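Here is the structure we will look at, set down as structure tokens.
The values are calculated or read from the model by the stated rules, or taken from the named source; none is laboratory data. Owing to the predicted nature of the structure, the values given are computational and were not obtained by experimental measurement. Virtual Cβ from ideal backbone geometry, glycine too; neighbours counted across all protein chains shown.
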Ligand SMILES: [Zn+2]
């Protein structure tokens, strides 16, 4: 719907832009400098809004309208005699009920200008130039946008190649790897193998189109953005791919394929951690060499300079998002905590955090075998990868940091299943700055438990405690008071419920659901829940007394008592 409010009176209430003081510019860049933005006070806007009258020559036309958590956002284009005045807008932001929060204006007082008259040609815009309002035609040539007078004089020119140093390219990548999207394991029926990094059809078919932020400069797209730059640091030497088109379509055996893989997944990890609320990590353009050796090895280096290196041996590392995400998480960790990592357990923790991130990342894209760490790069004839579904406990540690990392990464994956990977990753990113060069796993467990208390008001303490106790990482009060139905259902923290200090939790110790009815001592039903996996009872919602819980799971029934005192 076209919303129109009149312009003539609104000019009354805004300060008139200082267009008349500027010298004529033949080639203007980015923003017509003659249009100066001024802020309108909400009170001014509200007072004057009702006074607006429509005049025949002047209009404001609603150009865009959006809604957000804040409220409503309007952008009006100034129109004079049916044509838009280039760059002349009124932006109005209101709260959800329509109260004006602020507004910004580049509107022009046309009465103060000499207005060109010419009915002979079809024009697209008015352009303010000196004291004149001139008629102009718009031309688009590639990335160049030009406004010209009928006699050919250029009034305004915008070069998007200069204006948008960042742009978007299209590329085909494995997302996260070809086995996950095909839903198969490595080497299934003799297919889906590395085949010497060749253009094997079944693998090439698993490439998916994605968009990647990238750089555009003087006719050329480069594999660089604010997070990473594809560079050639070490042999084998390949000049990083670039293109005059915005499409980077490589088959898997081509070097460019590894390059777009690395740039894409690094950018996506940044998108993910921003979603978790971490906006300032790895704030520099990390150098990435996707073909840094012929060995089957990748690493993050931070001394003397930060860079990421991917090896081409075995399945090339940069063909598996797990490897890219793992290595980039080292950079994230270094950005959160730039101290040295010394102890073997601390190294195991570091590897485990990076592995937990790549599991969380994969699970979000596609949960198929998400606990297989390095699902394409490993778990094959080249190496075993790592197991993010290990049952190993702290007592099983052997002093090798890669092997021992599975204790912690598998614990994190279990937690992801129970409380969601976003909560776990957020906790972990808050744990990292607290780690010392020699933190042990039990210490890290305690830190994570305390972090939940600080950031989540201990919301997940029972789940964390259960996992850490099961992994033998220390004594955590799990608060399990009773287990029922052959250990399938637990009642946690009935003591805290009784004295009003915490929720009691009734939970199924596995996937699936149960039904529950709660009775008071007189046998009246006071609560019914069906098909749930967990129930939290908040003590503030229950008066003093004894309550009976009737649970049904898989056709079996059990009873529990909970007590709430005064
Ligand atoms: Zn690592």
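At-a-glance table
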{"quantity": "Pairs where the first residue, in the range 414-429, is outside any helix (DSSP H, G or I) and the second is buried (at least 18 other Cβ atoms within 10 Å of the Cβ), C-beta under 7 Å, 6+ apart", "calculated": "none"}
{"quantity": "Options 562, 525, 521: the member that is at negative phi and surrounded by 15 or more Cβ atoms within 10 Å (Cβ to Cβ)", "calculated": "562"}
{"quantity": "Residue count, the range 314-345 (criterion: over 30 Å from residue 194 (Cα atoms), assigned to a helix (DSSP H, G or I) and more than 13 Å from the ligand (Cβ to nearest atom))", "calculated": "4"}
{"quantity": "Residue within the range 243-263 that is within 16 Å of the ligand (Cβ to nearest atom) and either assigned by TED's automatic domain parsing to the domain that holds residue 173 or at positive phi (or both) present", "calculated": "yes"}
{"quantity": "Members of the range 301-313 found to be modelled with pLDDT of 90 or more and farther than 13 Å from residue 258 by Cβ, listed by number", "calculated": "307"}
{"quantity": "Tally of residues being surrounded by fewer than 18 Cβ atoms within 10 Å (Cβ to Cβ) and away from the ligand (no atom under 16 Å from the Cβ) across the range 378-392", "calculated": "4"}
{"quantity": "Some residue of the range 54-67 being at pLDDT below 55 and farther than 26 Å from residue 151 by Cβ", "calculated": "yes"}
{"quantity": "Residue match in the range 186-202 (condition: at pLDDT below 95, within 25 Å of the chain's Cα centre (by Cα) and not in a helix (DSSP H, G or I))", "calculated": "no"}
{"quantity": "Any hit, the range 385-395, residues being assigned to a helix (DSSP H, G or I) and more than 27 Å from residue 171 (Cβ to Cβ)", "calculated": "yes"}
{"quantity": "Residues of the range 113-129 classified as more than 16 Å from residue 152 (Cα to Cα) and modelled with pLDDT under 85, total", "calculated": "1"}
{"quantity": "Residue match in the range 233-252 (condition: outside any strand (DSSP E or B), closer than 24 Å to residue 364 by Cα and modelled with pLDDT of 90 or more)", "calculated": "yes"}
{"quantity": "For residue 268: the one exception among (1) assigned to a helix (DSSP H, G or I); (2) in contact with a strand residue (DSSP E or B) (Cβ under 8 Å, 6 or more places away or on another chain); (3) farther than 29 Å from residue 439 by Cα", "calculated": "(2)"}
{"quantity": "Hits in the range 528-559 - residues which are surrounded by fewer than 15 Cβ atoms within 10 Å (Cβ to Cβ) and not in a strand (DSSP E or B)", "calculated": "533, 538, 540, 541, 543, 544, 554, 555"}
{"quantity": "Any hit, the range 300-311, residues being touching a strand residue (DSSP E or B) at 6+ places or on another chain (Cβ under 9 Å) and away from the ligand (no atom under 15 Å from the Cβ)", "calculated": "yes"}
{"quantity": "Given (1) over 26 Å from residue 376 (Cα atoms); (2) under 19 Å from the mean Cα position of the chain (by Cα), number of the condition residue 328 does not satisfy", "calculated": "(1)"}
{"quantity": "Subset tally (residues that are within 16 Å of the ligand (Cβ to nearest atom), touching a helix residue (DSSP H, G or I) at 6+ places or on another chain (Cβ under 7 Å) and either outside any loop (DSSP other than H, G, I, E, B) or more than 23 Å from residue 355 (Cβ to Cβ) (or both)) for the range 281-298", "calculated": "2"}
{"quantity": "Selection count where residues are buried (at least 21 other Cβ atoms within 10 Å of the Cβ) and within 14 Å of the ligand (Cβ to nearest atom), scope the range 347-377", "calculated": "15"}
{"quantity": "Conditions (1) in a strand (DSSP E or B); (2) surrounded by 15 or more Cβ atoms within 10 Å (Cβ to Cβ); (3) modelled with pLDDT of 85 or more: number failed by residue 447", "calculated": "(1)"}
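Here is a yes/no grid of residues against (1) surrounded by fewer than 18 Cβ atoms within 10 Å (Cβ to Cβ); (2) outside the structural domain of residue 321 (by TED's automatic domain parsing); (3) in a helix (DSSP H, G or I):
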{"site": "120", "(1), (2), (3)": "yes, yes, no"}
{"site": "127", "(1), (2), (3)": "no, yes, no"}
{"site": "136", "(1), (2), (3)": "no, yes, no"}
{"site": "152", "(1), (2), (3)": "yes, yes, no"}
{"site": "169", "(1), (2), (3)": "no, no, no"}
{"site": "176", "(1), (2), (3)": "no, no, no"}
{"site": "179", "(1), (2), (3)": "no, no, yes"}
{"site": "214", "(1), (2), (3)": "no, no, no"}
{"site": "221", "(1), (2), (3)": "no, no, no"}
